[in-house]
Amino acid sequence: MSKLLCVILGSAMLATGCGTPAADSGGAAADAAITGAKPNEASSRPAPVTVTTKAPARNYREVTIPSGTTLRLSLTSAVASDTSKVEDAVSAELTQAVTVDGRDVLPVGSTVAGQVTSAGTSSRVKGRAQVAFRFDTLTTGGTKYDMQTAGLSRVASATKGEDATKIGIGAGAGAVVGGLLGGKSGAAKGAAVGGGAGTGVVLATKGQEMRLAPGADVTTTLTAPLTVRVTTS
């Protein structure tokens, strides 16, 4: 009897131990069904890969442009004897590359900037209109450099020929009128009066102004060496 009881109890315990994992598995499946989650799916996905691309390194070397080098430029701003004022900004761009040892170190399109150093309008009695300016900075390859250059000055054309013509016309007209009124004596007096009138016209008329529009060609030179960085690759 006792042996039979032991066998029955052992069978019951064995059945209980075997049923527990099944129950746990069923519970996990039930939980997944309720929440809608998919067990182990997240862990099976590959991690995202971030790719970074580095810009290729650029090498530079310093090149010194000697004093006396010519800079051929085209104005990108206007200057004029009658409108510009001292310290007004002036700008231009390089129209011919600058080379050192056969290599371009300042390409076409490099920009320069400076300011007006003097400006004066024409006068009625004497003196011609003039404007002067100087460039002191250079920008190339995205870098700005200080530089020293020769000053540039432009003076208006002389008007002496036109003035002489005006005076001659006045004297001639006076002689004709004087001759009609009083013979030789009247002609001489009329010439003097007419000449005076012609001079008056000249004194009342100002000379030409000096104006340079954008696109005007100008040339300057370096008065001190200029060191710039040039790419080698």
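None of the figures in this text is laboratory data; all of them are computed from the coordinates on show. Predicted, not measured: the structure shown is a model, and the values here were computed from it. Note that we place each Cβ from the backbone using ideal geometry, even for glycine, and neighbour counts take in every protein chain shown.
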Exercise for review: Could you check Thr121 against (1) under 15 Å from Met147 (Cα atoms); (2) surrounded by 17 or more Cβ atoms within 10 Å (Cβ to Cβ); (3) touching a residue at least 40 places away in the same chain (Cβ under 8 Å) and say which number it fails?
Suggested key: (1)
Practice item. Return a yes/no flag: does segment 100-114 have any residue that is touching a Lys or Arg at 6+ places or on another chain (Cβ under 8 Å) and surrounded by 13 or more Cβ atoms within 10 Å (Cβ to Cβ). Key: yes
